[in-house]
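*Asks:* Input: one structure, supplied below.
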Protein chains: 4
Amino acid sequence: MFTKNHIMKDIQKQEDTRRINIKKVGVKTINYPITVLDKAHSRQHTIATVNMYVNLPHHFKGTHMSRFVEILNRFHGAIDIGKFKSILEEMKEKLEAEAAHLEMSFIYFLQRKKDNPECLKSCRYECSIHGSLETEDDLELQVVIPVSTPFREDECKGLPRSLGRWGKTIAAVRFRNFIWIEDIITLIEQAVEEEHEETNAGGEHHVMSVESLTRRIGKSLETERAIRSFTLTVENFADGYSTFATTGTN
Amino acid sequence: MFTKNHIMKDIQKQEDTRRINIKKVGVKTINYPITVLDKAHSRQHTIATVNMYVNLPHHFKGTHMSRFVEILNRFHGAIDIGKFKSILEEMKEKLEAEAAHLEMSFIYFLQRKKDNPECLKSCRYECSIHGSLETEDDLELQVVIPVSTPFREDECKGLPRSLGRWGKTIAAVRFRNFIWIEDIITLIEQAVEEEHEETNAGGEHHVMSVESLTRRIGKSLETERAIRSFTLTVENFADGYSTFATTGTN
Amino acid sequence: MFTKNHIMKDIQKQEDTRRINIKKVGVKTINYPITVLDKAHSRQHTIATVNMYVNLPHHFKGTHMSRFVEILNRFHGAIDIGKFKSILEEMKEKLEAEAAHLEMSFIYFLQRKKDNPECLKSCRYECSIHGSLETEDDLELQVVIPVSTPFREDECKGLPRSLGRWGKTIAAVRFRNFIWIEDIITLIEQAVEEEHEETNAGGEHHVMSVESLTRRIGKSLETERAIRSFTLTVENFADGYSTFATTGTN
Amino acid sequence: MFTKNHIMKDIQKQEDTRRINIKKVGVKTINYPITVLDKAHSRQHTIATVNMYVNLPHHFKGTHMSRFVEILNRFHGAIDIGKFKSILEEMKEKLEAEAAHLEMSFIYFLQRKKDNPECLKSCRYECSIHGSLETEDDLELQVVIPVSTPFREDECKGLPRSLGRWGKTIAAVRFRNFIWIEDIITLIEQAVEEEHEETNAGGEHHVMSVESLTRRIGKSLETERAIRSFTLTVENFADGYSTFATTGTN
């Protein structure tokens, strides 16, 4: 289909393409078992989807992708949040990169003490961590917290009926000091509970608004000293679409 | 890696494998634009995911998969539910098959007349049709209908807040006579509305149960003469899990 | 919107609906950390999506869904395949059911000894187990195994380029005797490797066909004494669609 | 659970939350039938997922989300890319917003003239458009193009076997002049074909590398005068993970 002349032209073209700089290069969507440090139990086992990539200096021609895998394999079975900086440093050095990036998304389980063994409350949170290292390292944690309209009938009698899924909050935070994932979850869930209580004060059955809930949780995150900056989105699931509001620092 | 002896053994093995009969063979997950007949507007454009496959007689060795594509391409741009039987007959004949199967899943839009232009009600339904032809043809239609807890505050004032997504109903029906997709949707949505009204009769704020809603919709489907048989599942979304109940003829 | 007469009519209707029998009732899509027995390491931690449901006798009116949760919570943190029968027995008894069903789907990781630390081979398999108990118990295991066209260049030199994802095999098996998940994976992956070798014997670059690979794996599953019955589907990913073939016992 | 004092405290807290500014507010994930202008056929029907949101001035307290729906409903059935600016202007004005955003993602079908009716080539592309209007309007188009390793056996004989899915390219472009979606697709697919030809020149069976393909497509996009700026990612699917490279202007 392609003539020799065509191939010749291509080779010339290829020479031109050498000036097109690759900005980032890496491996994506690796599924990996990891352990996460956990306030209550010290370690929990979960499964992460991992992305690893680097920014290359302009003069660099290609990279050895197998080195990503090599680094990851060495940490296999013992990757946790505390290791982020070490992995990033090793990536930056071994790949002679200007900057290194490590992203992990995973499901975090929160086990709650229950007075009532019949209850099953949501204990599953989608988390992701994006760490990067150029001259300084940077770490952003994102947590997705489901929000439901609390059930107002006597919950003890029979079947656990649900008013349905009201929506979710997505909080992405950067830290000043260390803070446990469960502390962020608790902080947000308390703000949600307060909003529910207030919306329904006086026995009336009102529905929370995304704007008001966004402001309340935003206030809680702003007040927490360990959090340096944040972005917050609150989403209310409607029939066939969602409404949402976003706030954040700066 | 493999020695000659190994290959020899394999060839003998391969002869054995001739006795392993292929039961079904076909193409899957083809995305195709289709048109659906629509009670109100006569034709609506949507996108289907198509599976086509056949059961082969035991003596048959292999099939020409390209023929599936050939048949599909001839109907391209004009596939609709009315063509199911013709496509199935052509598949059965051209592929010399014992039985032919055609599955299409698509999103069906229902446009409603609105007094209030500010409202946006769900008008999107996941449908799928499974047609098969052996000696007789058979057609099953499945519709997924979202269920939300209706909003009880004055809807005219401001923002369309939502109590959230209560759940969904999944109905799979076989027909005695022709019936429009929108008639099945209307039948189920009316049963849901009646259940809501009754659950909240007397101004009390109760929550529908899956068992009761399953029975009510089941009754409606059983009473509809055009429906020969059905399976119905009602699902209530809770915080982190769902509860469900299933009924149906058989 | 609804008059009193309407409500009256509804109540009569509701009485009618009592004759509509609920066939199955339960909880779905619960995310749960589980441990899986593992030939090499004895236990591995993963995350399951769990469905639990029962068939109810006709005279039974409603069920206590909270009991599902109660049973699940008692096994929390220690659910594994070996516990399936105990959980099913407890479900059947506590819910006074005719039959009990437990479904778990999870990602199973297979760690391989590596001579070459630079390699990262797929070690992630989607598994699901469906257990049921009526008078006898029944257990079906399904494993999805990705198939790639093996890379033919010298893998040691540089970047791990891939010819892409050829497809996948989906095997669902019932057992005569106990068999490890990794033994089924190994059995299937060996058949895939043999098929690759044979297709490319003589240095020619051919592409495997779904029919031939289906027959070869089918033969291997049929020959394995520990497997009582199976269904097997082999899928070849093409550009925009897939082709597939299915075989199985009986 | 909450005492009066608690509620009192909350009300004070709520006053504080007034200082938390909502940055963005809107509706998301609305499914809508749209028509797309198409070089060959002038109009094609497809289904879009729509997000609409605005940036609010700081002093603004709340917004009327129903107005988003009102605007969308007025354009219903006749939304196309050419209407982006009009919709954005109406959003900005009606919602008294500082900036308006409209995002649509949809499947775009490309019908090709075929000499051989037996062939089915991929004709399905995931597109998304993000339009925004502050003082100036801005439009970014993203197209995902699947890449497969071309089949090297005689394609006419029998079954359409596939070497599998090699990967995909994701191009996001901003325009200087108008350019058809199909022209961007053609430009990228030609670059892919040239890369394939060159990699396999001399009858050898090599595998394309993400870096080289990224450079070649990057060169093509850079050379196209109608494109003002772009970001390009090329992804190669491996067994259990992907490798990728990114380039772009700026």
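The values are calculated or read from the model by the stated rules, or taken from the named source; none is laboratory data. Computed from a predicted model, the values in this text were never measured in an experiment. All Cβ positions, glycine included, derive from the backbone under ideal geometry; neighbour counts span all protein chains shown.
*Asks:* It is to be established whether one or more residues within the range C:148-156 are over 21 Å from D:Glu235 (Cβ atoms) and modelled with pLDDT of 90 or more.
*Replies:* Checked the range C:148-156: no residue is over 21 Å from D:Glu235 (Cβ atoms) and modelled with pLDDT of 90 or more.
*Asks:* I'd like to know if the range C:173-183 contains one or more residues that are buried (at least 17 other Cβ atoms within 10 Å of the Cβ), at pLDDT 90 or above and not in a helix (DSSP H, G or I).
*Replies:* Taking every residue of the range C:173-183 in turn, at least one turns out to be buried (at least 17 other Cβ atoms within 10 Å of the Cβ), at pLDDT 90 or above and not in a helix (DSSP H, G or I).
*Asks:* Kindly provide the set of residues from the range A:226-243 that are in contact (Cβ under 8 Å) with a residue 40 or more places away in the chain and either farther than 17 Å from A:Ile145 by Cβ or more than 7 Å from chain B (Cβ to nearest Cβ) (or both), ordered by number. Write out each step before concluding.
*Replies:* Start the filter on the range A:226-243 by keeping residues that are in contact (Cβ under 8 Å) with a residue 40 or more places away in the chain, which leaves A:226-237, A:242.
Result: A:Ala226, A:Ile227, A:Arg228, A:Ser229, A:Phe230, A:Thr231, A:Leu232, A:Thr233, A:Val234, A:Glu235, A:Ser242.
*Asks:* Also, I was wondering about something else. If I go through the range C:42-95 residue by residue, how many of them are at pLDDT 85 or above and acidic (Asp, Glu)?
*Replies:* Summing the residues that are at pLDDT 85 or above and acidic (Asp, Glu) in the range C:42-95 gives 3.
*Asks:* Quick check on the range D:157-167: of everything there that is among the small types (Gly, Ala, Ser) and out of contact with any His (no Cβ under 7 Å at 6 or more places or on another chain), which residue is modelled with the highest pLDDT?
*Replies:* Step one: filter the range D:157-167 for residues among the small types (Gly, Ala, Ser), giving D:158, D:162, D:164, D:167.
Among the residues that remain, those that are also out of contact with any His (no Cβ under 7 Å at 6 or more places or on another chain) are: D:162, D:164, D:167.
Numbers: D:Ser162: 79, D:Gly164: 84, D:Gly167: 95.
Looking at the filtered set, the residue picked out is D:Gly167.
*Asks:* For A:Ile170, state whether it is modelled with pLDDT of 90 or more, more than 14 Å from chain B (Cβ to nearest Cβ) and crowded, with 18+ Cβ neighbours inside 10 Å.
*Replies:* No: the conditions fail for A:Ile170.
*Asks:* Here's something else I'd like to know. Which members of the range A:34-50 meet the condition of being of a type in the set (Gly, Ala, Ser) and part of a strand (DSSP E or B)?
*Replies:* If the condition is that a residue be of a type in the set (Gly, Ala, Ser) and part of a strand (DSSP E or B), then A:Ser42, A:Ala48 are the ones that fit.
*Asks:* Mind checking which residues of the range D:99-132 are among the polar types (S, T, N, Q) and either part of a strand (DSSP E or B) or modelled with pLDDT of 95 or more (or both)?
*Replies:* Passing the criteria: D:Ser105, D:Ser128, D:Ser132.
*Asks:* For D:Arg215, state whether it is under 18 Å from A:Ile20 (Cβ atoms), among the basic types (Lys, Arg) and either touching a helix residue (DSSP H, G or I) at 6+ places or on another chain (Cβ under 9 Å) or within 13 Å of chain A (Cβ to nearest Cβ) (or both).
*Replies:* It is true that D:Arg215 is under 18 Å from A:Ile20 (Cβ atoms), among the basic types (Lys, Arg) and either touching a helix residue (DSSP H, G or I) at 6+ places or on another chain (Cβ under 9 Å) or within 13 Å of chain A (Cβ to nearest Cβ) (or both).
*Asks:* Answer with yes or no whether A:Leu213 is out of contact with any Leu (no Cβ under 6 Å at 6 or more places or on another chain) and closer than 20 Å to A:Leu139 by Cβ.
*Replies:* No: the conditions fail for A:Leu213.
*Asks:* Now for a separate question. Which one of D:Glu197, D:Glu222 is under 27 Å from C:Arg165 (Cα atoms), over 18 Å from the mean Cα position of the chain (by Cα), in a helix (DSSP H, G or I) and within 14 Å of chain A (Cβ to nearest Cβ)?
*Replies:* D:Glu197 is the lone residue from the list that is under 27 Å from C:Arg165 (Cα atoms), over 18 Å from the mean Cα position of the chain (by Cα), in a helix (DSSP H, G or I) and within 14 Å of chain A (Cβ to nearest Cβ).
*Asks:* Any idea how many residues of the range A:195-223 are crowded, with 17+ Cβ neighbours inside 10 Å and of a type in the set (Asp, Glu)?
*Replies:* Adding up the residues that qualify gives 4.
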